[in-house]
């Protein structure tokens with residue numbers, strides 16, 4: 001497809017369960033971002049990839065969060081031992097640029113994670 | 001620290017009226033600003049951007065104004081339509097740790113009434 005694709009669209013997990021969220025960016029896009037969006041809030045930065053390199057992971061809230069992009073295209077965000085506070089929409093975004101212009105991001109529809 | 005915030009959490013307008021959504025930012029070093037629109041169940045959609053060397057930029061029915069003196073950003077939507085109903089976020093480009101990232105505000109909900 002032409003846009004950023006995320007799967008699954010919805011994920012319900014029991015507390016303590018591991019989850020994996022997938023992102024297919026726009027083909028050829030160098031930059032890939034993960035954001036976390038709590039209900040009624042703006043997206044919060046989690047991590048940034050330039051091709052396969054994870055250059056910035058300063059926004060990951062704990063060591064239970066892990067992201068990878070091994071071939072510089074598809075990315076996976078993994079959350080281990082999920083907690084209720086992890087419930088949120090996880091957004092993936094990509095850009096064909098680096099530097100300041102990277103701000104023109106194309107977002108997927110997100111994965112809504114609910115931890116029971 | 002860096003922060004981007006909005007003055008009004010909810011804005012209700014009549015169809016056909018003009019809408020103005022405001023945003024304050026705190027990082028005077030920010031050089032790039034963006035407005036996004038987010039409809040229910042969807043990801044944010046790019047509307048318009050502006051660099052800090054400009055004070056106004058126009059798109060189709062939308063205008064962004066930047067006042068660097070008071071660190072204020074606004075989005076004007078002309079002839080607001082029901083399809084404009086959504087949450088609007090301003091975001092600023094933050095250069096930290098050697099890389100650029102977007103810092104989003106909390107959002108303003110725009111409700112358009114017929």
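The values are calculated or read from the model by the stated rules, or taken from the named source; none is laboratory data. None of the values given here were measured: they were computed from a predicted structure. Here the Cβ is made from the backbone with ideal geometry for all residues, glycine too, and neighbour counts use every protein chain on show.
Every residue, every condition in (1) free of Cβ contacts under 8 Å to residues at least 60 places away in the same chain; (2) over 30 Å from residue B:53 (Cβ atoms); (3) within 9 Å of another protein chain (Cβ to nearest Cβ), yes or no:
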{"residue": "A:41", "(1), (2), (3)": "yes, yes, yes"}
{"residue": "A:45", "(1), (2), (3)": "yes, no, yes"}
{"residue": "A:49", "(1), (2), (3)": "yes, no, no"}
{"residue": "A:57", "(1), (2), (3)": "yes, yes, no"}
{"residue": "A:63", "(1), (2), (3)": "yes, yes, no"}
{"residue": "A:74", "(1), (2), (3)": "yes, yes, no"}
{"residue": "A:80", "(1), (2), (3)": "no, yes, no"}
{"residue": "A:83", "(1), (2), (3)": "no, yes, no"}
{"residue": "A:94", "(1), (2), (3)": "no, no, no"}
Please count how many residues of region A:30-39 are within 12 Å of another protein chain (Cβ to nearest Cβ) and part of a loop (DSSP other than H, G, I, E, B).
2
Filter region B:1-20 for residues that are crowded, with 17+ Cβ neighbours inside 10 Å and modelled with pLDDT under 95; which is nearest to residue B:111 (Cα to Cα)?
B:11
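A quick yes/no check of all residues on (1) within 30 Å of residue B:10 (Cβ to Cβ); (2) out of contact with any helix residue (DSSP H, G or I) (no Cβ under 9 Å at 6 or more places or on another chain); (3) at pLDDT 95 or above; (4) part of a strand (DSSP E or B):
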residue	(1), (2), (3), (4)
A:11	yes, yes, yes, yes
A:16	no, yes, yes, no
A:20	no, yes, yes, yes
A:28	no, yes, no, no
A:70	no, yes, yes, no
A:81	no, yes, yes, no
Is there a residue being closer than 26 Å to residue A:55 by Cβ, facing another protein chain (nearest Cβ under 8 Å) and either surrounded by fewer than 19 Cβ atoms within 10 Å (Cβ to Cβ) or under 12 Å from the mean Cα position of the chain (by Cα) (or both) anywhere in region B:52-60?
no
Scan region B:38-72 for residues that are touching a helix residue (DSSP H, G or I) at 6+ places or on another chain (Cβ under 7 Å) and in a loop (DSSP other than H, G, I, E, B) and jot them down.
none
How many of the residues in region A:56-104 are more than 11 Å from the chain's Cα centre (by Cα) and more than 22 Å from residue B:44 (Cβ to Cβ)?
12
Consider residue A:21 carefully, then state whether it is surrounded by 15 or more Cβ atoms within 10 Å (Cβ to Cβ) and under 24 Å from residue B:37 (Cβ atoms).
yes
State all residues of region B:12-36 that are away from chain A (no Cβ under 12 Å), outside any strand (DSSP E or B) and in contact with a helix residue (DSSP H, G or I) (Cβ under 8 Å, 6 or more places away or on another chain); if no residue qualifies, say none.
B:15
Scanning region B:80-114 for residues that are more than 17 Å from the chain's Cα centre (by Cα) and part of a loop (DSSP other than H, G, I, E, B), which turns out farthest from the other protein chains (Cβ to nearest Cβ)?
B:114
